[in-house]
Structures are given as C-alpha cells and as structure tokens.
Amino acid sequence: MTDTTKTLRMVFRNQAGSSYTLSLDDPRDTLTSAEIEAVMDQIIAANILTTSGGDLVSKYDVKIIDRTVNDLYDPAQ
C-alpha cells in the first residue's frame, strides 16, 4: 500500500533568533508563494503566536513537502 501526503511547512524566527515551524497538512495544489508569504506576514503582524523565545519577528523559510510511504509488510492481526 502506498500513502502520499503533502505538508506546508512555514518557518519563522522569533525574538531570540530561534526557528519556529508551523506545519499544515494537505495544502491546496494551487497555493502560491505570494499567498503563503502574505499569510506569514499576517501571522507576524497580528502577533497571534508566541514561543519560548518570544514573539515571531520574521519569515525564514517555506517548503511544501511531498511524502510517499510504501508499506511493504503488515503483520497478521
């Protein structure tokens, strides 16, 4: 059995300079980098997330990750 998933991974920097990752499953296929960056800017401006290193202050990275798992063996139940 093959299982394929997609994850949108947005990485921010906080006040301490550490990374904070926000991951969302099954992003829309037509999602653009401009849309993602606009949402990241809104998250930072609204100050809705805080971390142990303080508030989010900047965008750092964005990835859409495709993952395929091939299950080769299932034990008898």
**OP:** Among the residues of the stretch 18-77, count how many are of a type in the set (D, E) and either in a helix (DSSP H, G or I) or over 17 Å from T5 (Cβ atoms) (or both).
**Re:** 6
Subject >> Residue satisfying all of: in the stretch 50-71; among the aliphatic types (A, V, I, L, M) and farther than 23 Å from R28 by Cα; surrounded by the most Cβ atoms within 10 Å (Cβ to Cβ) among these >> reply: L56
**OP:** Would you mind stating whether D3 is assigned to a loop (DSSP other than H, G, I, E, B) and at pLDDT below 95?
**Re:** no
**OP:** May I ask you to verify whether M10 is outside any loop (DSSP other than H, G, I, E, B) and in contact (Cβ under 8 Å) with a residue 40 or more places away in the chain?
**Re:** yes
Subject >> Long-range neighbours under 6 Å by Cβ, at least six apart or interchain, first residue within 30 Å of G17 (Cβ to Cβ) and at pLDDT 90 or above within the stretch 61-76, second of a type in the set (V, I, T) and part of a strand (DSSP E or B) >> reply: D61/V11; I65/T7; R67/T5
**OP:** Identify all residues within the stretch 44-60 that are in contact with a strand residue (DSSP E or B) (Cβ under 7 Å, 6 or more places away or on another chain) and without any contact (Cβ under 8 Å) to a residue 40 or more places away in the chain; write none if there are none.
**Re:** I44, N47, L49, T51, G53
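The values are calculated or read from the model by the stated rules, or taken from the named source; none is laboratory data. All values reported here derive from a predicted model rather than from experimental measurement. A quick note on method: Cβ atoms are made from the backbone with ideal geometry, for glycine too, and the neighbour counts reach across all protein chains shown.
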